[in-house]
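Chemist: Here it is, the structure, as structure tokens.
The values are calculated or read from the model by the stated rules, or taken from the named source; none is laboratory data. Bear in mind that the values here come from a model prediction, so they are computed numbers and not experimental data. Quick reminder, even Gly has a Cβ in these numbers, built from the backbone with ideal geometry, and neighbours come from all protein chains shown. Please note that ligands, DNA and RNA were not included when accessible areas were found on the heavy atoms of the full protein model with its side chains. Shrake-Rupley method; radii C 1.70, N 1.55, O 1.52, S 1.80 Å.
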Amino acid sequence: MRVLVARCEIGYSGRLETRLAPGDRVILFKDDGSVCVHALKGAKPINYMPGPTVVEEDGELIRVRRPASGESLTVLVEQVHADTRFALTDGAELERAGREKEIQALLAEAMHVIEPGLRLLERERPTDVGPVDLFCRDAAGLVTLVEVKRVRAVAAAVEQVIRYREQVERDPSLRPVRAIVAAPDFAPQARVLAEARNVECIAFDPAVLRGEVEPALRLF
Amino acid sequence: MSLLEAPETLKITCSTTHLADRLAIASRATSTRASIQVASGIRISAPDAEGPVELAATDLELSLRVPLDAEVEEPGSVVLPARVVHDIVRQLRTDRVTITSTSGDGRAKITSGSGEYGVHTHPVEDFPRLPEIDAERTFELDRQVFGGTVDRVIRAASKDESRPVLTGVLVHLEPGRLTMAATDSYRMAVRETALADVVPEPVEAIVPARALAELGRLLGSSSGTLAVCVDRNMIAFGVDGVWLTARRIEGQFPNFRSLRPAAFEHEVRLPRAELLDVVKRVGIFARNNAPLRLSFAPGELTVSASTPDVGDAQETIPASFGGDPFSIGFNADFFRDGLDVTEGDDTTVQMINPIRPAVLGGSDDGFWYLIMPIRLS
């Protein structure tokens, strides 16, 4: 990894043509050939190029070419503040908490969070229009489909479970079928659509589900 | 045919300020949902030249019918876009305003002084049918008793529409007594009040808190009697000729009496106004679900709160506490609400332990405010 901190002017040619007037920047030349140019503000690089690339230096001029796409980045260095190369190792991968499957698995282990008496019959039950996250029966014995969302549910989630319900109801022996969307939060449009189409919205706290925090104390 | 040449189907003239006042009331029931355009309008009805003129609005859950003093030149009906018309009328500086609608072209004209304002109207036939008020089922209640009871409990109603029952207030009317209860499952406010009015038969209804909040506004700006009409599906309130109707919420309200603990470990009497001031100040530092911590020690109570990246605060006041030191946490807003709606110079805080419900009470024996603690780390 090479970290170049420099006052420079940058030109890009490829999907479009851009020019960045002289200014102080941090340029990362990564071991896989990818190059990122960071300005003084903003989380995202102001210029970047995925690897593999070819880097050519000619005095104050650095040319980065990406043969796969024909893109090129030209850096005209006016003043070098720092230029350091590091031999670094990092084999770890980003672990993402709260993926939909993880939330679905946690809910499957705690069906009472959705509704007391709800029994899970199958996870990812296939239908012609996609798999039903949680295929259940409620305390009264009615088939109940649960669509799980790890973030705020929008109207599309309600439409999704409606499609599943229509498919499952094709089997007369399974009718009537209840439909539930379980999510940490619901967009207002999702609630309106759910009410109009007889779909229930159940909110849960992912942190409580994961056991990270105690559930809030309630009167009932 | 131009707007001016078209046959008129409604023409009324009235005081500009009176119309602005009436529109302000009616427009509170209009819908903001884009899917029901006609419900964003206010219907003006003038059935005949001599009869009353009425403004009506509904969002399908709540409706308002508001009488309008106006001269009717042409009887008829029109549904005007509430927001635009209200915005125009309240900006008018002339004494009188005339509203004219014409058949077929979907437009109406508002005339005042030299100004003419044309607006697009909604089809009258699309306007939702409003519930009828059954005069035989209508009775009167003491407005102060009813409104005062609403004020004491309404804050505890839930705003989370995933549990519709909790977004309402339980209203129980029986001979000699009015009871209201509201809860969002974290706190509950209950008030039982003596009632001198004659109630034809016991009534128990879950009334949307929003409807009662609107009723509170109506009661606050009028001095007339309060008429009530309860139907199987709806409840209606009449104040000074304005009728507010609301759909009753179906479902089972929690058994509020069984939730109040029968006995407590601690009972502390505190100066209400002083404690309320302290809670308002210290509560500023109880953000992002951070608790308001009440630490009791012999003779004193320390109220404290701390929120990372915000800061911390604490204040100590004298308290009639004599046991072992004890701390309990509450949601600052909920605790402040409880103090706000408690009456009297002193507040009594009854507690069992840091994870069981506490009760706030005051000089009014018929009122109690149950509040669930927040776990302290």
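Chemist: Cβ-Cβ under 6 Å, sequence separation 6+ or interchain: first residue in the range B:245-259 and over 17 Å from B:Val190 (Cβ atoms) and away from chain A (no Cβ under 13 Å), partner assigned to a helix (DSSP H, G or I) and small (Gly, Ala, Ser). Which pairs?
Modeler: B:Ala246/B:Ala211
Chemist: State which residue is surrounded by the fewest Cβ atoms within 10 Å (Cβ to Cβ) when the search covers only the range A:3-23 and only residues that are among the small types (Gly, Ala, Ser) and without any contact (Cβ under 8 Å) to a residue 60 or more places away in the chain.
Modeler: A:Ala21
Chemist: Right, here's the next one. Looking only at strands (runs of 3 or more DSSP E) that lie completely in the range A:50-91, which have at least 3 residues being open to solvent by 60 Å² or more (accessible area, probe 1.4 Å) and at pLDDT 90 or above?
Modeler: A:54-58, A:71-85
Chemist: Only residues that are within 12 Å of chain B (Cβ to nearest Cβ) and exposed (fewer than 14 other Cβ atoms within 10 Å of the Cβ): list them for the range A:186-200, please.
Modeler: A:Pro188, A:Ala196, listed by residue number.
Chemist: Continuing with the same structure: So in the range A:166-176, with the set limited to residues that are part of a helix (DSSP H, G or I) and open to solvent by 70 Å² or more (accessible area, probe 1.4 Å), which one is nearest to the other protein chains (Cβ to nearest Cβ)?
Modeler: It comes out as A:Glu166.
Chemist: Within 17 Å of the chain's Cα centre (by Cα), buried (at least 16 other Cβ atoms within 10 Å of the Cβ) and more than 14 Å from every other protein chain (Cβ to nearest Cβ): does that describe B:Val119?
Modeler: No; evaluated as a whole, the condition is false for this residue.
Chemist: From the list B:Met188, B:Met180, which residue is within 18 Å of the chain's Cα centre (by Cα), buried (at least 20 other Cβ atoms within 10 Å of the Cβ) and either under 22 Å from B:Arg247 (Cβ atoms) or more than 14 Å from chain A (Cβ to nearest Cβ) (or both)?
Modeler: B:Met180
Chemist: Among the residues of the range B:122-146, count how many are open to solvent by less than 80 Å² (accessible area, probe 1.4 Å) and either within 30 Å of B:Thr16 (Cβ to Cβ) or touching a Ser or Thr at 6+ places or on another chain (Cβ under 6 Å) (or both).
Modeler: Selection size over the range B:122-146: 10.
Chemist: OK, next. Would it be correct to say that A:Ala179 is of a type in the set (A, V, I, L, M), more than 14 Å from chain B (Cβ to nearest Cβ) and assigned to a helix (DSSP H, G or I)?
Modeler: Considered against the rule, which asks whether it is of a type in the set (A, V, I, L, M), more than 14 Å from chain B (Cβ to nearest Cβ) and assigned to a helix (DSSP H, G or I), A:Ala179 comes out as no.
Chemist: Being of a type outside the set (A, V, I, L, M) and not in a loop (DSSP other than H, G, I, E, B) is the filter here, so list the residues in the range B:169-191 that pass it.
Modeler: Scanning the range B:169-191 gives B:His172, B:Glu174, B:Arg177, B:Thr179, B:Thr183, B:Arg187, B:Arg191.
Chemist: Sticking with this structure for a sec: B:Gly338 fails exactly one of the following numbered conditions: (1) touching a strand residue (DSSP E or B) at 6+ places or on another chain (Cβ under 8 Å); (2) more than 14 Å from chain A (Cβ to nearest Cβ). What is the number of that condition?
Modeler: Looking at each condition in turn, B:Gly338 falls short on (2).
Chemist: Sticking with this one: Can you name the condition, by its number, that B:Ile36 falls short on among (1) open to solvent by 50 Å² or more (accessible area, probe 1.4 Å); (2) within 14 Å of chain A (Cβ to nearest Cβ); (3) more than 21 Å from the chain's Cα centre (by Cα)?
Modeler: The one condition B:Ile36 does not meet is (1).
Chemist: Let me ask you something else. Considering only the range B:147-168, state which residues are in contact (Cβ under 8 Å) with a residue 12 or more places away in the chain, in a loop (DSSP other than H, G, I, E, B) and open to solvent by less than 80 Å² (accessible area, probe 1.4 Å).
Modeler: Listed by number, the residues that qualify are B:Ala157, B:Ser158, B:Asp160.
Chemist: Please specify each residue of the range B:167-208 satisfying the condition of being acidic (Asp, Glu) and over 21 Å from B:Ala227 (Cβ atoms).
Modeler: Residues satisfying the conditions are B:Asp184, B:Glu192.
Chemist: Just for the range A:201-220: of the residues that are open to solvent by 60 Å² or more (accessible area, probe 1.4 Å) and facing chain B (nearest Cβ under 10 Å), which one is nearest to A:Glu115 (Cα to Cα)?
Modeler: Filtering the range A:201-220 for residues that are open to solvent by 60 Å² or more (accessible area, probe 1.4 Å) and facing chain B (nearest Cβ under 10 Å), the one nearest to A:Glu115 (Cα to Cα) comes out as A:Phe220.
Chemist: Now for a separate question. It is to be established whether one or more residues within the range A:28-39 are more than 25 Å from A:Phe86 (Cβ to Cβ) and assigned by TED's automatic domain parsing to the domain that holds A:Ser72.
Modeler: No, the range A:28-39 contains no residue that is more than 25 Å from A:Phe86 (Cβ to Cβ) and assigned by TED's automatic domain parsing to the domain that holds A:Ser72.
Chemist: Suppose we filter B:Leu370, B:Leu301, B:Leu294 for residues that are surrounded by 15 or more Cβ atoms within 10 Å (Cβ to Cβ), under 26 Å from the mean Cα position of the chain (by Cα) and aliphatic (A, V, I, L, M); which single one remains?
Modeler: It is B:Leu370.
Quick grid of which residues meet (1) open to solvent by 10 Å² or more (accessible area, probe 1.4 Å); (2) at pLDDT 95 or above; (3) more than 22 Å from B:Pro175 (Cβ to Cβ):
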site: B:Glu201; (1), (2), (3): yes, no, no
site: B:Pro208; (1), (2), (3): yes, yes, yes
site: B:Ala211; (1), (2), (3): no, yes, yes
site: B:Leu215; (1), (2), (3): no, yes, yes
site: B:Leu218; (1), (2), (3): yes, no, yes
site: B:Gly224; (1), (2), (3): yes, no, yes
site: B:Asn233; (1), (2), (3): yes, no, yes
site: B:Ala236; (1), (2), (3): no, yes, no
site: B:Gln252; (1), (2), (3): yes, no, yes
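Chemist: To continue, here is another question. Look through B:Arg83, B:Arg43, B:Arg93, B:Arg22 and report the one residue that is surrounded by fewer than 14 Cβ atoms within 10 Å (Cβ to Cβ) and either within 14 Å of chain A (Cβ to nearest Cβ) or closer than 17 Å to B:Ile110 by Cα (or both).
Modeler: So the residue among B:Arg83, B:Arg43, B:Arg93, B:Arg22 that is surrounded by fewer than 14 Cβ atoms within 10 Å (Cβ to Cβ) and either within 14 Å of chain A (Cβ to nearest Cβ) or closer than 17 Å to B:Ile110 by Cα (or both) is B:Arg93.
Chemist: Looking at the range A:118-145, which of its residues are open to solvent by less than 30 Å² (accessible area, probe 1.4 Å), touching a Cys at 6+ places or on another chain (Cβ under 6 Å) and part of a strand (DSSP E or B)?
Modeler: Answer for the range A:118-145, where residues must be open to solvent by less than 30 Å² (accessible area, probe 1.4 Å), touching a Cys at 6+ places or on another chain (Cβ under 6 Å) and part of a strand (DSSP E or B): just A:Thr144.
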